[in-house]
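Below: one structure, written as C-alpha cells.
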Amino acid sequence: MDKLKMHTPNKVQENIAKIAALFPNAVTETIKDGQVHQAIDFDVLRQELAETLVEGPVERYQFTWPDKRQSTLIANAPINKTLRPCREESVDFDSTENLYIEGDNLEALKLLQETYLGQVKLIYIDPPYNTGNDFVYTDDFAQSIEEYKANSGQFNNENGRLVKNLESSGRFHTDWLNMMYPRLKLAKDLLCDDGVILINIDENEVTNLHKICLEIFGEENDLGTIIWDKRNPKGDAKGISYQHEYILLFCKNIQEFHRLNKLVRPKKNATKILDRALQIFRKISSNFSLDDANRAFMQWISTQDFSGGEKAYNRIDEYGEVYQSVSMAWPNKKKAPEDYFTPLRHPVTKKICPVPDRGWRNPSSTMQELVKSNLILFGKDEKTQPRRKYLLKENMSENIPSLLYFGGSDDELLNELGIPFDTPKVTEIIVDHILSFTKQSDLILDFFSGSATTAHGVLQANIDGSKRKFILVQIAEATDANSEAYQAGYKNICEIGKERIRRAGKKIKAEVGLTVQNLDIGFRVLKVDSSNMQDVYYSPAETQQNFLHTLADNIKPERSGEDLLFQVMLDLGILLSAKIETLTLGGKTVFSVADGYLLACFDKEVNEDTIAEIARRKPYYAVLRDSSIANDSVAANFEQIFATYSQTTVRKVL
C-alpha cells in the first residue's frame with residue numbers, strides 16, 4: 001500500500017520535470033533536508049539557451065515590480081491544507097454538482113490544482129479594485145496554524161489576511177500586483193485548452209492588469225477588452241470623470257479557442273421573437289391569413305423595447321420562418337465583375353427581373369443556390385427587384401462588440417431577494433457572458449465571489465436546460481459593524497453569498513416550474529482549513545520528542561470520516577462534486593464515491609471481512625487509515641485479499 005501525499009502539488013518540481021523533458025542534461029541532484037532532490041544546473045541551461053539568453057544589465061523589455069519574484073515563489077509553493085465539507089450550510093449536498101469554497105482564494109486555487117487541472121471553461125472574476133480603500137490579501141505561508149486561524153477572514157492593519165491598500169503606503173500598485181499575480185498564474189492552469197478568463201477592472205489598475213495578463217496568458221491569447229459604459233460618471237474624479245470600466249478577455253490557447261468556439265454572443269431577444277412568431281403563425285386558418293399573421297407580428301414587434309438588430313426580423317413566411325428583407329445590391333462604389341450582373345427570372349412570370357445598377361452582392365452560382373433554398377424574395381411580378389431573405393434562426397448570434405452599454409445595477413434584484421450588498425456585479429451581464437462562452441455542462445469558476453452573482457448567473461443561464469456548474473471561492477471577510485448587512489445578521493461576506501444562492505435558486509425554480517427538468521440549484525460548502533493530519537506527518541524535524549506520545553494516530557482527533565474523505569478526493573484528483581454514498585460493509589462504514597470508483601473506510605478495527613467486501617466490489621481506488629487495520633494478521637493478509645478479488649485496485653493508506 002502506498003501513502004497518500006496529502007498536500008497540494010509542488011509547482012517547482014513540476015517545472016523541473018518540464019525542463020528535464022526538454023533539456024535532460026540540465027538536470028542534476030542536490031541534498032536538501034537529508035534527502036536527494038532533482039535540481040536544475042543553470043550553467044548547463046544557459047549553454048543550451050546561449051543564443052537568446054538575456055542576463056545582467058542588458059536593457060530589454062520587461063514588466064516588473066518589487067517582490068515579483070516572491071509572488072512567483074508563493075504561486076509555486078505547496079501548502080498543507082485541506083477542504084472540509086459543511087453539510088449544514090449546503091443545499092442538496094448529496095446531489096448538487098456546484099461548489100462554494102470558503103477561504104483564502106490563493107490556498108483554494110492551490111487545493112484545486114490536482115483535481116481541476118484543465119477542467120474550467122470560463123473564469124469570471126471581479127477582483128478588488130485598487131481605489132485605496134479596498135482590501136488586498138497578504139500572503140504569508142510562514143504563519144503558524146494559530147496565527148492563520150486568528151487572521152483568516154479578518155482585516156487588521158498590522159498582521160491580518162486582509163489589509164487596506166492606502167496610496168500613502170508607498171506600495172500602492174505593488175501590493176495589488178503581488179496579490180493578483182500568483183492567483184492568475186494558478187488560475188491559468190485550471191482553464192481547459194479553449195477556456196477563457198474575463199476580469200472586471202477600473203482605470204486604476206487596468207494598465208498593470210493587462211500587462212501581467214499578457215505575461216501570464218501570452219500576447220497571442222488576448223481576445224480584446226470590452227469597455228463597459230455604466231452611464232454614471234464618478235463624482236470624485238481628479239481629472240476626467242470616468243463613467244466606464246473594463247472587462248479584459250484572455251483565452252488559454254488561441255488555436256484551440258477558435259477551433260472549438262466562435263467569438264459571438266446570443267442575440268438577446270431572438271428566442272423571444274421566434275416564440276411569439278410561432279404563436280401567431282399557429283392561428284392561421286380560413287379566417288386568419290398569412291397577411292393577418294404578419295400584421296399581428298409586426299404590430300407586436302413595434303411595441304417591444306428591443307435594442308438589438310433582431311428587431312429588423314419582422315416578417316413571417318409561409319413556412320412560419322421569421323425573416324427580414326435585405327437589398328442584394330453590390331455594396332461598393334465600383335461596379336461588380338460581369339458575372340455579378342447575371343439576371344434572375346421571376347418564378348411565376350418567367351421574365352427577367354431588374355438587376356442593381358452596380359450588380360448583385362453575390363456571384364451567379366451563389367444566387368442560384370439562394371433561389372433553390374427559397375432565400376430570395378421576388379415581388380408580385382418581374383418589375384420588382386428581388387431581395388435577400390435572412391432567416392432569424394440562422395442568425396441567432398452576433399459578434400461581441402467592444403462597447404457594452406448598461407447603466408443599471410442589481411440593487412433592485414437584491415432588494416427583491418432581501419440581500420444587502422454594496423456594488424454587486426450585474427447578473428444580466430454575467431448571464432450574457434456565460435451564454436457567449438460556455439455550453440451544456442461547462443464548469444465556471446469565480447474566485448472573488450463577493451455576493452455570489454456568478455452563481456446566480458449560472459443558475460439563470462441554465463433555464464435553457466443546460467447543466468453548467470460553478471465553483472465559487474470567497475474569503476470570510478467580516479462585514480462592517482455599521483453596515484446594513486451586519487445589522488441583518490450577516491457577519492461576513494460568505495454568509496451573504498450563500499444565502500443569495502439559496503434565495504436565487506428558489507426564485508428561479510419557482511419561475512420555471514416544471515418546464516426545466518432537474519435544475520440544479522444546490523451547492524456543496526467546503527471550507528479551507530489546516531490538514532487533517534497531525535503536524536508531525538509533515539514536519540517531523542519541528543516535533544519535540546515529549547509530544548510523540550500524543551501522536552499514536554496520525555490524524556487529528558476532531559476530524560470526521562467525511563473530512564478525511566474530501567482530503568483523499570483532493571489527493572486522488574476526484575471531482576469534489578462527485579456522488580457520495582455511505583455503505584456498511586463487514587459492520588464498518590465505507591464511503592463509496594462516484595459509483596464505487598473510490599471506496600474508503602476510516603473506521604478503527606477494520607477486519608478481513610470489511611477488506612474482502614471492499615475488494616469484491618473492484619473499486620479503482622481503495623483507501624484506509626494507517627491505524628484502521630485491526631491487527632498484524634489482517635495487515636499481512638491485506639494484499640492477498642486484493643490479489644484474490646481485485647488485483648487492479650490501487651490501494652492507499654493515510
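Computed values, structure above
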| read-out | value |
| --- | --- |
| Candidate set: the stretch 180-210, residues that are touching a helix residue (DSSP H, G or I) at 6+ places or on another chain (Cβ under 9 Å) and among the charged types (D, E, K, R); chosen: the one nearest to residue 114 (Cα to Cα) | 189 |
| The listed residue being farther than 24 Å from residue 527 by Cα and among the acidic types (Asp, Glu), out of 495, 484, 499 | 484 |
| Pair list, Cβ < 9 Å and 6+ apart or interchain, from the stretch 628-639 residues that are in contact (Cβ under 8 Å) with a residue 40 or more places away in the chain to residues that are surrounded by 12 or more Cβ atoms within 10 Å (Cβ to Cβ) and in a loop (DSSP other than H, G, I, E, B) | 638/1; 639/1 |
| Set 580, 521, 574: member being under 25 Å from residue 94 (Cα atoms), in contact with a helix residue (DSSP H, G or I) (Cβ under 6 Å, 6 or more places away or on another chain) and either assigned by TED's automatic domain parsing to the domain that holds residue 419 or at pLDDT 95 or above (or both) | 521 |
| Matching residues, the stretch 309-324, being loosely packed, with under 15 Cβ neighbours inside 10 Å and either within 43 Å of the chain's Cα centre (by Cα) or not in a loop (DSSP other than H, G, I, E, B) (or both) | 309, 319 |
| Residue satisfying condition, being at pLDDT below 95, β-branched (Val, Ile, Thr) and in contact with a strand residue (DSSP E or B) (Cβ under 9 Å, 6 or more places away or on another chain), within set 145, 101, 125 | 145 |
| Residue 43, sole failed condition from (1) within 27 Å of residue 189 (Cα to Cα); (2) modelled with pLDDT of 70 or more | (1) |
| Wholly within the stretch 222-300, strands (runs of 3 or more DSSP E) carrying at least 2 residues that are modelled with pLDDT of 95 or more | 222-229, 244-251 |
| Some residue of the stretch 210-219 being over 22 Å from residue 180 (Cβ atoms), assigned by TED's automatic domain parsing to the domain that holds residue 120 and touching a residue at least 40 places away in the same chain (Cβ under 8 Å) | no |
| Test: residue in the stretch 503-512 that is out of contact with any Pro (no Cβ under 7 Å at 6 or more places or on another chain), buried (at least 19 other Cβ atoms within 10 Å of the Cβ) and either more than 23 Å from residue 447 (Cα to Cα) or in the same structural domain as residue 103 (by TED's automatic domain parsing) (or both) | yes |
| Residues of the stretch 620-654 satisfying the condition of being of a type outside the set (A, V, I, L, M), within 27 Å of residue 570 (Cα to Cα) and part of a loop (DSSP other than H, G, I, E, B) | 620, 625, 626, 627, 628, 646, 647, 648, 649 |
| Answer residue from the stretch 83-97, given it is farther than 15 Å from residue 494 by Cβ and polar (S, T, N, Q) and is surrounded by the most Cβ atoms within 10 Å (Cβ to Cβ) among those | 96 |
| Output for the stretch 347-363, where each listed residue is in contact with an Asp or Glu (Cβ under 7 Å, 6 or more places away or on another chain) and within 16 Å of residue 382 (Cα to Cα) | 349, 351, 352, 353 |
| All positions within the stretch 2-16 that are surrounded by 17 or more Cβ atoms within 10 Å (Cβ to Cβ) and either at positive phi or at pLDDT below 70 (or both) | 6, 7 |
| Checklist (1) touching a strand residue (DSSP E or B) at 6+ places or on another chain (Cβ under 9 Å); (2) of a type in the set (A, V, I, L, M, F, W, C); (3) buried (at least 16 other Cβ atoms within 10 Å of the Cβ) applied to residue 650, failing item | (3) |
| Set 546, 532: member being surrounded by 15 or more Cβ atoms within 10 Å (Cβ to Cβ) and either modelled with pLDDT under 95 or over 32 Å from the mean Cα position of the chain (by Cα) (or both) | 532 |
| Residue in the stretch 439-446 that is surrounded by 14 or more Cβ atoms within 10 Å (Cβ to Cβ) and hydroxyl-bearing (Ser, Thr, Tyr) present | no |
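A quick yes/no check of all residues on (1) under 19 Å from residue 497 (Cα atoms); (2) crowded, with 24+ Cβ neighbours inside 10 Å:
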| site | (1), (2) |
| --- | --- |
| 407 | no, no |
| 431 | yes, no |
| 455 | yes, yes |
| 475 | yes, yes |
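Residues are listed down the side, and each one gets a yes or a no for (1) out of contact with any Pro (no Cβ under 8 Å at 6 or more places or on another chain); (2) among the basic types (Lys, Arg); (3) outside the structural domain of residue 432 (by TED's automatic domain parsing):
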| position | (1), (2), (3) |
| --- | --- |
| 275 | yes, no, yes |
| 292 | yes, no, yes |
| 298 | yes, no, yes |
| 316 | yes, no, yes |
| 329 | no, no, yes |
| 333 | yes, yes, yes |
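Yes/no matrix, rows are residues, columns are (1) under 15 Å from the mean Cα position of the chain (by Cα); (2) in a helix (DSSP H, G or I):
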{"position": "83", "(1), (2)": "no, no"}
{"position": "97", "(1), (2)": "yes, no"}
{"position": "101", "(1), (2)": "yes, no"}
{"position": "109", "(1), (2)": "yes, yes"}
{"position": "112", "(1), (2)": "yes, yes"}
{"position": "115", "(1), (2)": "yes, yes"}
{"position": "118", "(1), (2)": "yes, no"}
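The values are calculated or read from the model by the stated rules, or taken from the named source; none is laboratory data. The structure presented is a predicted model; accordingly, all values stated were derived computationally and were not measured. Glycine gets a Cβ as well: all are built from the backbone with ideal geometry, and neighbour counts include every protein chain shown.
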